[in-house]
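Some notes on the structure that comes next.
Derivation of every value follows stated rules applied to the coordinates shown; laboratory data play no part. What you are looking at is a predicted structure, and each value in this text was computed from that prediction instead of being measured. For neighbour counting, all protein chains shown are included, and Cβ atoms are generated from backbone atoms with ideal geometry for every residue, glycine included.
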Amino acid sequence: MNEIEQTIRELQLYVDVRWGDSNDMFNLALTTLREKAEREREKAKGCEYCLTGKHFMSDGEPIYIFENQIVAQSYNESDNVAEINFCPMCGKRLEVEHGN
Ligand SMILES: [Zn+2]
């Protein structure tokens, strides 16, 4: 359970005990937090571009994500590679774990 889910749980308990589901402000806060939690879950999942390296649409040579890098492949020269922290398509964090 992450920080948002923990907050939702605690706030829901508080609302239930204190107001019995009748406080619009807290119910709105809970709805907003649930939507945020859902977006976070979607981001954590990843997409076909960052999980499988599906090629981005390109007229020429392939562009794809490998680990935390975006690679523009070149048939004639060396590939262009740039480190990225997030998938540009779904927003998943791509930082590679170092050490441990
Ligand atoms: Zn992605």
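Axis angle, to the nearest 10 degrees, between helix 3-19 and the longest C-alpha principal axis of the chain: 20 degrees.
Relative to the dominant Cα principal axis of the chain, helix 24-45 is inclined by about 20°. First measure r as the distance between the Cβ atoms of Arg41 and Val17, then evaluate 1/(1 + (r/R0)^6) with R0 = 22 Å and state the FRET efficiency to the nearest 0.05. Plugging the Cβ-Cβ distance into 1/(1 + (r/R0)^6) gives 0.25.
Put simply, the amide H of Gln69, placed in the peptide plane, has neighbours under 5 Å in Ile84, leaving out anything fewer than 5 places away on its chain.
The coefficient of translational diffusion for the chain, derived via Stokes-Einstein from the alpha carbon Kirkwood radius under 25 °C and 0.890 mPa s, stands at 148 µm²/s. In plain terms, the residue of Glu35, Glu40 with the fewest other Cβ atoms within 10 Å comes first and the most crowded comes last, giving Glu35, Glu40. Over the stretch 3-45, the fraction of Cα-Cα pairs per 5 Å bin, rounded to whole percents and listed from the shortest bin up, is 5, 25, 29, 20, 11, 6, 3, 0.
For the stretch 3-45, a simple Cβ point-charge model (Lys and Arg +1, Asp and Glu -1, everything else neutral) yields a dipole of about 180 debye relative to the Cα centre. Ranked by how many other Cβ atoms sit within 10 Å of their own Cβ, fewest first, the residues Met25, Met89 fall in the order Met25, Met89.
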